[in-house]
Amino acid sequence: MLQKRWFQLLIVGVLASLLILLVTEIDFLFDPIFAFIGAVAVPLIGGGILFYLTRPILHVLERNKVPRLSAIMIIFLLLVLVGYIITQFIAPIAQQQFSRFINNLPNMIDMVQEMITYWQSNQDIIPSQFDSSIEKLTTNLESYLNGIAGTLVNLISQLIGFVFALVLIPFFLFFMLKDGDKLVPFLKQFMNKRVSESFGRLAHSIDHTLHSFIIGQLTVSAVVGVLLLIGYLIIGLHYSLTLALFAMLMNVIPFAGPFLAVIPAILVALFQNPIMAVYVTIIMVIAQQIEGNFVSPNVMGKALSIHPLTIIALILAAGSIAGFLGLLFAIPAYAVVKAIVSHFYNEWLASRNTQDET
C-alpha cells in the first residue's frame with residue numbers, strides 16, 4: 001500500500017494538515033518574524049520594483065563599459081530627475097484639481113438630491129415601497145457621499161504616511177543593484193551539483209516571472225493612463241489629470257483595476273454633462289482595447305499564463321482577506337507559487353523519466 005500513489009498523496013495531505021495545525025498552535029513564536037517582515041516589507045517591495053525597472057538600464061550601461069558603481073549613480077540621478085519632474089510639473093496640477101473636486105463635492109451632493117426630489121415629485125406611478133426606498137436614499141445620500149469622501153481622504157492620508165516610510169528604499173535599491181546577481185551564486189555554493197543546477201533554474205524562473213509582471217503591469221498602467229489623459233483632454237473633462245492618475249493607479253490591479261478606474265470619471269462626467277459620461281465610457285473602451293490587443297501581448301506576453309477565472313477568484317479572495325494590498329500582490333504571489341510548483345513538478349517528471357530509462 002505504501003507504493004500506491006493515492007496513499008502517498010493521502011499521507012502528504014495529513015502531514016501538511018498537521019503542520020498547519022502545529023503552526024496555528026505556536027503562532028506566538030512567529031510574531032517576531034512577522035513583525036520583522038512587516039518592518040522591511042515596504043522598502044523591500046519598493047526597492048524590488050525599482051530594481052526590476054532600473055536593472056535593464058544597468059545592463060545597458062555595463063555593456064557600454066560603464067563601471068557598476070558609476071552606472072548605479074547614473075540610475076539614481078535619473079530617478080532624482082524623474083522625481084523632480086513629477087513634483088514640479090505633475091503633482092501641483094493634480095493637487096489643484098483634487099482640491100477643486102473636494103470643494104465642489106457639496107454642490108454635487110446637492111445636485112443629486114435635487115434631481116432625486118424632482119423625479120419623485122413628478123412620478124405618480126411609483127409603488128410605495130420604491131418611493132420609501134428612494135426617500136431613504138435621498139435622506140442618507142449626503143452621509144453616503146461624505147463617507148466616500150472621508151474614505152478617500154483617509155486613503156490619501158495613509159498614502160502620505162506611506163511615502164514617509166519609503167526613506168529606506170534607496171538603500172535597498174543600491175545594494176540590490178550592486179549585489180543582486182551575487183545572491184544565487186552565494187546560495188548555490190552550499191549545494192551539490194544537481195541541486196545547485198535545479199536551484200539555478202528555479203531562481204531564474206521566479207526572476208523571470210516577477211520581471212514580466214512588474215515591468216508589464218507598470219507599462220500597461222502607464223500606457224492606459226496616458227491614453228485616458230489624452231481622451232479626457234480632448235472631450236474637456238474636468239479634473240482630467242487627477243482622474244487619469246487615479247486610473248493609472250487602479251490599473252495596477254489586474255482585471256478589476258479598469259472597472260474601478262472608470263467609476264469616478266463617469267460620476268464627474270455626469271455632473272459636468274450627462275452626454276460626457278458616454279464619451280468617457282467610449283474612451284475607456286478604446287483605451288482597454290488598445291491595451292488588451294497591442295500593449296499587453298507585446299509587453300507581458302504569456303509569461304504568467306493565468307486563466308481569467310483564476311485571476312477573478314484570487315482578487316476576490318485576496319481583497320476580502322488583505323484589502324487593497326491583497327489586490328496588488330495576489331497575482332504576483334500566485335505567479336511565483338505557480339512557478340515554484342511547476343519547477344518541482346518538472347524536476348520530478350525528469351527524475352522519473354531518468355529512472356525509467358535506467
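Among the residues of the range 77-110, those that are touching a Leu at 6+ places or on another chain (Cβ under 8 Å) and at pLDDT 75 or above comprise 79, 90, 93, 94, 97. The condition of being surrounded by fewer than 20 Cβ atoms within 10 Å (Cβ to Cβ), at pLDDT below 85 and out of contact with any Ser or Thr (no Cβ under 8 Å at 6 or more places or on another chain) holds for only one of 206, 160, that being 160. Restricted to the range 316-358, and to residues there that are at pLDDT 80 or above and polar (S, T, N, Q), the residue that is farthest from residue 41 (Cα to Cα) is 346. Please specify each residue of the range 174-196 satisfying the condition of being surrounded by 12 or more Cβ atoms within 10 Å (Cβ to Cβ) and of a type in the set (Asp, Glu). Residue satisfying the conditions is 181 alone.
For the range 238-260, the tally of residues that are more than 11 Å from the chain's Cα centre (by Cα) and under 23 Å from residue 87 (Cα atoms) stands at 10.
A single member of 275, 266, 253, 283 is among the hydrophobic types (A, V, I, L, M, F, W, C), surrounded by fewer than 20 Cβ atoms within 10 Å (Cβ to Cβ), more than 20 Å from residue 91 (Cα to Cα) and in contact (Cβ under 8 Å) with a residue 12 or more places away in the chain, and it is 266.
The values are calculated or read from the model by the stated rules, or taken from the named source; none is laboratory data. Note that this is a predicted model, so its numbers are computed, not measured. Note: ideal-geometry Cβ built from the backbone for every residue, glycine included; neighbour counts use all protein chains shown.
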